[in-house]
Each structure stands twice: as C-alpha cells, then as structure tokens.
Amino acid sequence: MTAARPQAIVIGASAGALEALSVILPSLPADFHAPIIVVVHIPPDKRSVLAELFQAKCRIQVIEVEDKEPLQPATAYFAPPDYHLLVESTGSLGLTSEEPVLYSRPSIDVLFESAADIYGSDVTAILLTGANQDGAKGVSAIAQAGGQVIVQDPETAFAAAMPEAGLKRCPDAKVLSLDGIAEYLRRIG
Amino acid sequence: MIETFEKVEDIEIRLLLEALYVRYHYDFRNYAMGSIKRRLRQAREQMGFATISALQEKVLHDETMLPRLLGYLTVQVSEMFRDPSYFRAIREKVVPHLKTYSSLKIWIAGCSCGEEVYSMAILFREEGLEDRTIFYATDINQDALQAAEAGVYDLDRVQLFTDNHRKSGGKSSLSDYYNTGYGRVSFDRSLRERVVFSDHSLVTDAVFGEMHLISCRNVMIYFDRPLQDRAVGLFKDSLARKAFLGIGAKESLRFSAHADAFKEFVREEKIYQRVGL
C-alpha cells in the first residue's frame, strides 16, 4: 500500500500543540524518509519560536517556511504566523495571505487540501489536539483522495474538539494516542 | 473515479486561465497553482456554477463577470504600515541613503487598495523627502486601483493602522492625515499629489523607469517560480545602482535566478540592495 510509506506527512494542531508535537517530532530518526509539514495555530502578530524550539529537541531538521521552500526528507516545516501554507508541487511549499479560514491563518484545512491535490493517495495526514473545527474538511479531502488519515484519540487530547470534528468527517481514520502516532511514524521510518 | 474528477478539474482550470488571457489579456497562467485552485473553487461555488467550465463559458461571453472573477483571483489583503518593523527599517536604514538624492522614484508594485502607498507617503513626509519624490503605485486590478486612488478605509481598521504607524517609528499622529465620517476615514488628498496610480502587470508589462526603492510585498508569493524570476528580473532592471528592493517578510530571493544581483541590506526585514551595475 502506498499509504505505508507516504511521500509526505502533514500535521495539524491547535490548543495543546506544543506538548503533542513534543511527543512526536523528537522521536523521529535523523534519516526519516519524508518531509513533515506542520500547521499550528499561532497568533498572527508574534514571531514564532516553534522552529527554533523544536530544532533544539529533534534529530530531524526543523525550519520555518519561506515562500517556495524546497521539500527535503527528514525535515519538519512549520507554517509562519499569519500565512497559509500550501504544498505547491511534490518538490516545494508555498505561502499565501488569503483570508483566514475558520478565523485561522495558517489553516490546517488549506494545507491538507493542497496536500490531497498534490500527493493524492501518497500522503499521511495527522490531526491532533485543538479546540475548533479546523482540519475536519482537510482530513476528509485527504481520505477522499485515498491518503491515510490518523486522528489523535480525543480522550487523550488536551482539547478534544478538533480530533472529534475530524473523526466525524472521517470515521474510518486511524485513532491513536500520541505515543501510538510516534510509534507509527517510526515504523514507517 | 475521484482521481478522474481531479484531473478534469485541473484541465478546466488550465483552460479557464487560457481563456482569460486570450479574451481579456489577464495572465494568471503562471500563478502558484495551489492558491489559484482554491480561489477558483471558491469563485465557482459562490458564483453558483456547477463546474469551472460553466464559469468559463459565462466569463467568456459576458464581460461584466470579469471584475467579479478578478476579485477572487487577486488577493487584496493589506493594512497600513503592515509589519511595522519593515517601515522602521525603511525609515532608519534606507531613508538616510535616499536623502543623498535630489530626486527620487519609488515604486509600490501590487499596491492593492493603497494602504502601503499612503503609509510610504506619510513616512516620506515625516522624513522630509516627499517634495522630491514621485511614487508609482501599480496593480492589475482596476477596482483595487480605484480604491487606492480614493484612499477611503473602514473606520474599524484605523486603530490597527494607528498602532502600526506608531510602532513603525511614526513622528506624527496618523489622525493628522484623515477625516472621519459615516464609519469611514478618508485620507488627505495632498498625500496622493505625488502619486501616479497605474495599471501595470508584473507578468506581461515592462520596465518604465529607474527606481530608488521598490516595495513589492506579498505579491510574488502568488506566482510560480519562473514567474517570480520574471518579476525579480523586472525589478533588477528597474533599480538604479545601489537602490533598494523590499519584499514580504516570508519571501526570499534565495531561490531566485537573480539572487546574485542583490545583497541583503536589512536581512530580517527582507530589504535588499542592488549590486553590480
């Protein structure tokens, strides 16, 4: 199955994102086979420290995206505050400042829908903790294109609303704890 | 089934963009596809068409549909003194160089509804440069250009503009420059006396003058890589020796074919200086 070793991993998280990603990203090996593209809801007016923070903890590379950033394996890409992040081709990322979606810019839906367009079935989307509905449309687009969807078990999430909304739109998604997600990613390496 | 559908949509989008170019000479063919696709889907839904082909048919035959579609295809998101630290860097680092010239040409490329034009005009007035300057404010969207020329904004945006202006190192009060009425503010006519508003496309048009500063922020993010190269090439050829180019906070010339023609002048603010020549 293509989903077993996808071309890219996309991750969306909101409230509680820092703790959740701290379980997942530092556990990945330095030679992880795919890029990991991440949208976290962050206030628009702040310089984000996410990339620096995770770079210090991770074996993979961690960077904040600039427009047309080329995609590399074993690298985590964070959306900058106040921009949407899209997969533009299998080889690069793009940014836009279109209107916020569900009050969010960056928006998880925007990233996931673009990933479904570009990668088709060859992508894995992971929807984590959060207190709103962003990402629900996105996981449904990923599933429709035949990609793998993983949703954090709402019972284990800091905020359950986002994974719950994701599961509602995508009932066949794999439901895993944070440790389970980390293990799954290490297994596909 | 789904995969077939996706492909058909891609074909439809390509054909619609071709149609817009042939019929109206608006060239979006080399815009970044992800974002164009999103906005065309939005346009199709909200304008009430079943398919993008149906939208294409309508827009080909009925030119009154064009402005509405352009509204979707061109993104008008800006604010006055957006990214105040950028304007602070212009004020503190670039202006001292500009002061050594007796006449200045400044180009705001992709000026949208004019927020950055008025910001720059106010900054130049505060710094005593306005009288020797001509500003060129260009965009491809006529409605946006008209809005820019009018200089009227919703009152509820003014608090943000005011905060930004202060953070940019503003030496006057923003309220000196506008009148309020009917929930809107109208910027002082005198600010646009030295501004030339003009329809110009970075995609299809050419160099029109030698500039001392070009500010083009969050415009090229909507272009694909080859088109970005064209636009940056145009800026390269428009800039005087040692003149300046400012781009968006998350844009970069790192990936550009013309990277060698520029050096980082204020790295954190994405202000570059033309080198060579």
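Computed values, structure above
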{"quantity": "Filtered residues of segment B:22-39 (kept if more than 12 Å from chain A (Cβ to nearest Cβ), crowded, with 20+ Cβ neighbours inside 10 Å and part of a helix (DSSP H, G or I))", "calculated": "none"}
{"quantity": "Top-ranked residue in segment A:119-137 [being out of contact with any Leu (no Cβ under 7 Å at 6 or more places or on another chain) and farther than 23 Å from residue B:33 by Cα; ranked as surrounded by the fewest Cβ atoms within 10 Å (Cβ to Cβ)]", "calculated": "A:131"}
{"quantity": "Considering residues of segment B:232-247 that are under 15 Å from residue B:136 (Cβ atoms) and aliphatic (A, V, I, L, M) only, the residue surrounded by the fewest Cβ atoms within 10 Å (Cβ to Cβ)", "calculated": "B:240"}
{"quantity": "Enumeration of residues in segment B:149-167 that are closer than 24 Å to residue B:109 by Cβ and touching a strand residue (DSSP E or B) at 6+ places or on another chain (Cβ under 6 Å)", "calculated": "B:149, B:151, B:152, B:153"}
{"quantity": "Tally, over segment B:255-277, of residues that are within 14 Å of chain A (Cβ to nearest Cβ), without any contact (Cβ under 8 Å) to a residue 60 or more places away in the chain and part of a helix (DSSP H, G or I)", "calculated": "2"}
{"quantity": "Answer residue from segment A:144-166, given it is part of a helix (DSSP H, G or I) and buried (at least 21 other Cβ atoms within 10 Å of the Cβ) and is farthest from the other protein chains (Cβ to nearest Cβ) among those", "calculated": "A:163"}
{"quantity": "Every pair of residues 6+ apart whose Cβ atoms lie under 8 Å, when the first sits in segment A:85-103 and is closer than 22 Å to residue A:130 by Cβ while the second is of a type in the set (Gly, Ala, Ser) and in a strand (DSSP E or B)", "calculated": "A:85/A:94; A:86/A:94; A:87/A:8; A:87/A:94"}
{"quantity": "Residue B:158 being out of contact with any Pro (no Cβ under 9 Å at 6 or more places or on another chain), modelled with pLDDT under 95 and not assigned by TED's automatic domain parsing to the domain that holds residue B:68", "calculated": "no"}
{"quantity": "So residue A:175, is it surrounded by fewer than 20 Cβ atoms within 10 Å (Cβ to Cβ) and of a type in the set (A, V, I, L, M, F, W, C)", "calculated": "yes"}
{"quantity": "Scan of segment B:204-254 for residues that are out of contact with any strand residue (DSSP E or B) (no Cβ under 8 Å at 6 or more places or on another chain), away from chain A (no Cβ under 14 Å) and part of a loop (DSSP other than H, G, I, E, B), ordered by number", "calculated": "B:204, B:205, B:206, B:207"}
{"quantity": "Exclusive hit being in contact with a Phe, Trp or Tyr (Cβ under 7 Å, 6 or more places away or on another chain) and assigned by TED's automatic domain parsing to the domain that holds residue B:162, set B:108, B:90", "calculated": "B:108"}
{"quantity": "Helices (runs of 4 or more DSSP H) lying entirely in segment B:41-159 (those with 2 or more residues that are of a type in the set (Asp, Glu) and either out of contact with any helix residue (DSSP H, G or I) (no Cβ under 9 Å at 6 or more places or on another chain) or over 21 Å from residue B:28 (Cβ atoms) (or both))", "calculated": "B:115-126"}
{"quantity": "Hits in segment B:191-203 - residues which are part of a loop (DSSP other than H, G, I, E, B) and loosely packed, with under 15 Cβ neighbours inside 10 Å", "calculated": "B:193"}
{"quantity": "Single condition residue A:75 does not satisfy, out of (1) facing another protein chain (nearest Cβ under 9 Å); (2) touching a strand residue (DSSP E or B) at 6+ places or on another chain (Cβ under 7 Å)", "calculated": "(1)"}
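Condition check ((1) closer than 18 Å to residue B:255 by Cα; (2) within 10 Å of another protein chain (Cβ to nearest Cβ); (3) part of a loop (DSSP other than H, G, I, E, B); (4) among the polar types (S, T, N, Q)) across all residues:
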| residue | (1), (2), (3), (4) |
| --- | --- |
| A:53 | no, no, no, no |
| A:56 | no, no, no, no |
| A:67 | yes, yes, yes, no |
| A:85 | yes, yes, no, no |
| A:115 | no, yes, no, no |
| A:118 | no, yes, no, no |
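The values are calculated or read from the model by the stated rules, or taken from the named source; none is laboratory data. Please read all numbers here as calculations on a predicted model, not as lab measurements. Cβ coordinates were reconstructed from backbone atoms using ideal geometry, including for glycine residues, and neighbour counts include every protein chain displayed.
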